[in-house]
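Since the structure comes first, as structure tokens, the remarks are kept for the end.
The values are calculated or read from the model by the stated rules, or taken from the named source; none is laboratory data. A quick note: this is a predicted structure, and the numbers were derived from the prediction, not measured. Don't worry about glycine lacking a Cβ; one is built from the backbone with ideal geometry, like all the others, and counts go over all protein chains shown.
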């Protein structure tokens, strides 16, 4: 049982995914800090509030923190943009380059209708039964 678990954990996909999650969490912290400490104070200064995250409205005694929601949306958009331009776009270009280098997958052989042997596509006669092949 432990051998199977060790094999599962040490597969490339699992290790890559674990590294991606850890780096993603650290990156999320950096982006959230940037939004909270740099972007929202600038937006708050434009709208003459101390902090955008503290922006709220009250309705029947309940307080709705729409400023905190705006912070989360800004953080999400920044992370999505970075992932798109630094991960998705380069991978798509690499895939396009690797697919472009592949030749066409046209078969180079064909089967003889009489003896079902595999012969080159350019052959006019079967090497095994010597029947004339169709072009």
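Does region 87-98 include one or more residues that are modelled with pLDDT of 80 or more and touching a helix residue (DSSP H, G or I) at 6+ places or on another chain (Cβ under 8 Å)? Checked against the condition, which is being modelled with pLDDT of 80 or more and touching a helix residue (DSSP H, G or I) at 6+ places or on another chain (Cβ under 8 Å), region 87-98 yields no hits at all. Return the total of residues in region 40-58 being at pLDDT 75 or above and surrounded by fewer than 17 Cβ atoms within 10 Å (Cβ to Cβ). The number of residues fulfilling the criteria is 7.
In region 50-66, what residues are assigned to a loop (DSSP other than H, G, I, E, B) and without any contact (Cβ under 8 Å) to a residue 12 or more places away in the chain?
In the first step, residues of region 50-66 are kept if they are assigned to a loop (DSSP other than H, G, I, E, B); the result is 50-51, 55-56, 60-61, 65.
Scanning region 50-66 gives 50, 56, 60, 61.
Being part of a loop (DSSP other than H, G, I, E, B) and surrounded by 11 or more Cβ atoms within 10 Å (Cβ to Cβ) is a property that residue 113 has.
I'd like to know if region 34-45 contains one or more residues that are touching a residue at least 40 places away in the same chain (Cβ under 8 Å) and on the phi < 0 side of the Ramachandran plot. There is at least one residue in region 34-45 that is touching a residue at least 40 places away in the same chain (Cβ under 8 Å) and on the phi < 0 side of the Ramachandran plot.
Residues in region 67-83: is at least one touching a helix residue (DSSP H, G or I) at 6+ places or on another chain (Cβ under 9 Å), farther than 30 Å from residue 133 by Cα, outside the structural domain of residue 133 (by TED's automatic domain parsing) and not in a helix (DSSP H, G or I)? Looking through region 67-83, none of the residues is touching a helix residue (DSSP H, G or I) at 6+ places or on another chain (Cβ under 9 Å), farther than 30 Å from residue 133 by Cα, outside the structural domain of residue 133 (by TED's automatic domain parsing) and not in a helix (DSSP H, G or I).
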